[in-house]
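Input: a single structure, listed below in structure tokens.
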Amino acid sequence: MVQARLPVIRLLGSALLALGASAHAQAPEDAAAWRAASRLGYAPTPALMQAIAAHPRGARGWAADEVERAFAASREAARTPAHLATLQGSIPAAFAELRAEREALRRVRADSDMRPAPQELPTRRSALEAASWRVLACSDPELENPLAARLTEFWFNHFNVFAGKGSVRPFLGHYVLHAIRPNVLGRFEDLVLATARHPAMLFYLDQAQSVAEGVTGPFGGARGLNENYARELMELHTLGAEGGYAQGDVRELARILTGWTSDPSAESGFRFAPRLHDRGEKTLLGRRFGAEGEREGREAIALLAGHSATARRVALRLSQWFVADAPPAALVGRLAAEFQASGGELRAVMRKLVAAEEFWDERQQLFKTPYDYACSVLAATGRPEPERLLQALRFLAGAGQPVHGWQTPDGYKTDARTWLAPEALTRRADFALAFSRDSAPPDHYRRFLSPRTRERITQEPAALQGMLVLASPEFMHK
Amino acid sequence: MNLARRALLRAAASAGALAFAPRLVAQAAPMLEGGRLVVVFLRGAYDGLSAFVPWADPDYERLRQATRIPAPDGSEGVAIRLDERFALHPALAPVLPMWRDGILAVVPAAGSPDPTRSHFEAQHHWETGMPGRNSEAPGWMNRLASLEPAGLREQRLVGVGEANPRILAGELRARLVPRGPQAANQGVVGNERVRLALADLYAADGRLAEAFRAGTYSRMETARDLATEMTRADNGAGPAAGLVQAARQLTALMRSGRQLRLGFLSAGGWDTHANQGGVQGQLANQLGGLARALVELRAGLSQPGDLILVLSEFGRTAAENGTRGTDHGRGNALWLIGERVAGGRMHGRWEGLAHGNLNEGRDLPVLHDFRAVIAQALVRNFGLPESRLADLFAGAAWDARLDGLLKRA
């Protein structure tokens, strides 16, 4: 009697556990599809749903293939809509734009009435186009592979630059499309190098101006070292603040990198200037660097990119991004090991990540950031009109996550502790209302809602139902 | 009947009246007396040596060239003399009356005992009040509010601008208000039908339900408070810089919501590694905006017990770097503004800029723990019992060298 009842109790127990794990009871295959499409992309569009349903191994099989598709996409040129013309521009063209704008501003400075409105400045226009591309790419799987868009977001944020800095602004689009995107599933070291040499980063963290102590500048004055980039390269891009370096290492790395500067006429925008380089001996993390010019910097970056502290940091950040704010330590350990074993091959790390049980575990919840939310609403309601696109950008600015708008090099935080703030849900409700007004309620989303949510929504007038789907608790998580 | 006897009788009468008062009232007396506290956080580490220029120090000229503020000589466009050692950046001229009126005091070499030069670690330490600890922890303003009795502590905290600043985060919820005109807009939750439907939808998820409740409440209260206060305060003024606008919003909220006693504001853009500028330029523009914001705050919060703190995660290098800017340093100037502040003078130790007195030969040293400065303000300005300081700033010691920072009552 007692024995016969045990399995029932066990069953009941696991049912309760499942309830506790996820407040939103969905069919397991729907939950997996939601997770795959919302985390490896931004939202399950009808086409994505079909692809997942058609895959013989379901969401897991689709996810594994998606890594390979994103890799292939990242190695081809990004698709850019015709109306975002500046995204096709070269680096010399961006420098020319910056020069012309500064010249024009100097001319009108005396006469404040002549001053153009900020949004009419050419560099602001190109920054707006770069931000528009990001939002289109995250919401339209025909324009951009969803995982490629996700990883572009992740790595841009890891190597953050700020649109508010005038000298960075004209280079943003190029930085996204040519420094970040092609490398999101390549070797980590190549990604670090691409950002290190790009004018957006060279200007953002002042590396372009950092020279050996005592070198004379273009106008004759003595110039010298600037530690800004060297510090953040170790603290944020590679080792992490606990990565075991000291203030002395920051200075030595800054010396190693002297001479890495911008070049307005080069296609790459980068130039190594031997005259500005510190030829003395340096020691970084115990390793000595002789007078080897540009090679010192490349070797220093290789040393940092391959460091075990870097492997742990990248593994932790990817796990936080794709799995949970406090990800299981075992997963982080396995990803760090894969990072090291593969020599920093990000594709190998991502393969491991999407195959991990932890990725699919329903207890691992993630609350959407404002960017996740805006992209998923846009994806759910169809390709946005230009006015809608601007509305999404305004929503992000108001919600505290403007595109390319984080001032400091640490990038946006992504955890619920930051974003599940009192204002978050009321703002999202406003946004949901605006976007559900003239597009049909996304009916294909109803299967992702719990019976409870579904039932409550049907009590409301049809005109409100679309908005409530987009503002539902299920839609706030990915 | 002599005067003494009359006084005695009066005291007895009021004691009797007190005895009749319900016990609850006595229990609910706020721990923080009277005034309001506003913390202004300058994120990115501002250059305190340019704000309060050690003009008479012979090393200042050696260390600073492109960023130097010329010594005060009474003319325009140079530093403004404060005393025999320090002078004010000319862009800060709007706060000069506060110094002259004796309500602005400065601790020129304060900071965190933890030596990190990472903005993000250091800000975390300042906001949690726990230098050296990088783990999750509630903000010290939230813990301060939680020392208040139930019924009051739930409505103490308010922040403008940031989505969820650490310093306000913790057990108690803060009223967090976006910067700009959208704060005065109720939005879709103003529609009762939508509000009720959403509340039902979120009811099954505790975190969402709580955030929605708080957000709705804050949105509706804020919209109402700002609609009346802001139109008056705006007074046809043109678009102000972000911090000034946020200061105006914060004072409007704290004036109409009398329970809101602990306010927070922040401003970015202080990380001047290159082309910092001197009398004019990048930093001067930032300081100008700060000065206007402080004037705005002070105008709105001018009760005797009100106090404004201006702080930043660390200072910048004493010497200029090779790109006409300054790098991450250690000690920095911390400001206090309020009527109970012993203002018009510098407080605490100052050892000058001679090479041997600099931390690692490069930065202003930290001569006073920032928590000891704040502790002085909390105890002497707000009457916080000293015994409660340990709850707030574990590990920090009372710093008697700062005992003159606030006037004795």
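The values are calculated or read from the model by the stated rules, or taken from the named source; none is laboratory data. Here the structure is a predicted model, which is why all the values come from computation and not from measurement. Because the Cβ atoms are built from the backbone with ideal geometry, glycine has one as well, and the counts that use them run over all protein chains shown.
From the list B:Asn285, B:Asn332, exactly one residue is surrounded by 20 or more Cβ atoms within 10 Å (Cβ to Cβ), closer than 30 Å to A:Gln209 by Cβ and touching a helix residue (DSSP H, G or I) at 6+ places or on another chain (Cβ under 9 Å). Which is it? It is B:Asn332. Only one of the numbered conditions (1) within 22 Å of the chain's Cα centre (by Cα); (2) at pLDDT below 85 is violated by B:Ala284, and that is (2). Would you confirm whether any residue within the stretch A:176-184 is within 26 Å of A:Asp65 (Cβ to Cβ) and outside any helix (DSSP H, G or I)? Yes, the stretch A:176-184 has at least one match. Just one of the listed residues (A:Ala31, A:Ala78, A:Ala4) is modelled with pLDDT of 85 or more and either assigned to a loop (DSSP other than H, G, I, E, B) or farther than 23 Å from A:Gln365 by Cβ (or both), namely A:Ala78.
Residue by residue, here is whether (1) surrounded by fewer than 18 Cβ atoms within 10 Å (Cβ to Cβ); (2) in contact (Cβ under 8 Å) with a residue 60 or more places away in the chain; (3) basic (Lys, Arg) holds:
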site	(1), (2), (3)
B:Gly102	yes, yes, no
B:Ala109	no, yes, no
B:Arg117	no, yes, yes
B:His124	no, no, no
B:Gly129	no, yes, no
B:Asn134	yes, no, no
B:Pro138	no, no, no
B:Ser146	no, no, no
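Among the listed residues A:Asp410, A:Asp443, A:Asp430, which satisfies the condition of being closer than 20 Å to B:Gly161 by Cβ and surrounded by fewer than 19 Cβ atoms within 10 Å (Cβ to Cβ)?
On the way: A:Asp443 fails: closer than 20 Å to B:Gly161 by Cβ; A:Asp430 fails: surrounded by fewer than 19 Cβ atoms within 10 Å (Cβ to Cβ).
Being closer than 20 Å to B:Gly161 by Cβ and surrounded by fewer than 19 Cβ atoms within 10 Å (Cβ to Cβ) holds for just one of A:Asp410, A:Asp443, A:Asp430, which is A:Asp410.
The residues of the stretch B:342-364 that are over 21 Å from B:Glu313 (Cβ atoms) and either without any contact (Cβ under 8 Å) to a residue 40 or more places away in the chain or aromatic (Phe, Trp, Tyr) (or both), listed by number, are B:Gly356, B:Asn357, B:Gly361. Evaluation of A:Met476 against the conditions (1) touching a Leu at 6+ places or on another chain (Cβ under 6 Å); (2) within 12 Å of another protein chain (Cβ to nearest Cβ); (3) buried (at least 24 other Cβ atoms within 10 Å of the Cβ) shows that the sole unmet condition is (1).
How about the stretch A:358-391: which of its residues are within 17 Å of the chain's Cα centre (by Cα) and of a type in the set (A, V, I, L, M)?
A:Leu366, A:Ala374 - these are the residues of the stretch A:358-391 that are within 17 Å of the chain's Cα centre (by Cα) and of a type in the set (A, V, I, L, M).
Filter the stretch A:128-160 for residues that are of a type in the set (D, E, K, R) and in a helix (DSSP H, G or I); which is surrounded by the fewest Cβ atoms within 10 Å (Cβ to Cβ)? Of everything passing the filter in the stretch A:128-160, A:Glu129 is surrounded by the fewest Cβ atoms within 10 Å (Cβ to Cβ).
Within the stretch B:396-407, is even one residue closer than 18 Å to B:Met141 by Cβ and in a loop (DSSP other than H, G, I, E, B)? Yes, that holds for at least one residue. Considered as a group, the residues in the stretch B:251-288 that are under 19 Å from B:Val177 (Cβ atoms) and assigned to a helix (DSSP H, G or I) include one that is nearest to the other protein chains (Cβ to nearest Cβ), and that residue is B:Leu253. When the stretch B:110-120 is filtered for residues that are outside any loop (DSSP other than H, G, I, E, B) and under 17 Å from B:Ala375 (Cβ atoms), the ones remaining, listed by number, are B:Ala110, B:Gly111.
Are there any pairs, at least 6 apart or on different chains, whose C-beta atoms fall under 6 Å, with the first in the stretch A:404-423 and within 9 Å of another protein chain (Cβ to nearest Cβ) and the second in a loop (DSSP other than H, G, I, E, B) and of a type in the set (S, T, N, Q), and if so, which? Pairs found: A:Pro409/A:Asn160; A:Thr418/B:Asn164; A:Trp419/A:Thr369; A:Ala421/B:Asn164. In the set (1) surrounded by fewer than 23 Cβ atoms within 10 Å (Cβ to Cβ); (2) more than 8 Å from chain B (Cβ to nearest Cβ); (3) of a type in the set (Ser, Thr, Tyr), the condition left unmet by A:Tyr373 is number (1).
May I ask you to list the residues in the stretch B:50-91 that are crowded, with 18+ Cβ neighbours inside 10 Å and part of a helix (DSSP H, G or I)? Residues satisfying the conditions are B:Ser50, B:Ala51, B:Tyr60, B:Leu63, B:Pro90, B:Ala91.
Determine, yes or no, whether B:Arg362 is within 14 Å of chain A (Cβ to nearest Cβ) and at pLDDT below 95. Walk me through how you get there before you give the answer.
On the way: within 14 Å of chain A (Cβ to nearest Cβ): yes; at pLDDT below 95: yes.
So B:Arg362 passes the test.
Of all the criteria given as (1) more than 21 Å from A:Arg275 (Cα to Cα); (2) in contact with a helix residue (DSSP H, G or I) (Cβ under 8 Å, 6 or more places away or on another chain), the one not satisfied by A:Ala246 is (2). The residue list A:Ala222, A:Ala230, A:Ala246, A:Ala163 contains one member that is surrounded by 21 or more Cβ atoms within 10 Å (Cβ to Cβ), on the phi < 0 side of the Ramachandran plot, at pLDDT below 95 and of a type in the set (Gly, Ala, Ser), which is A:Ala163.
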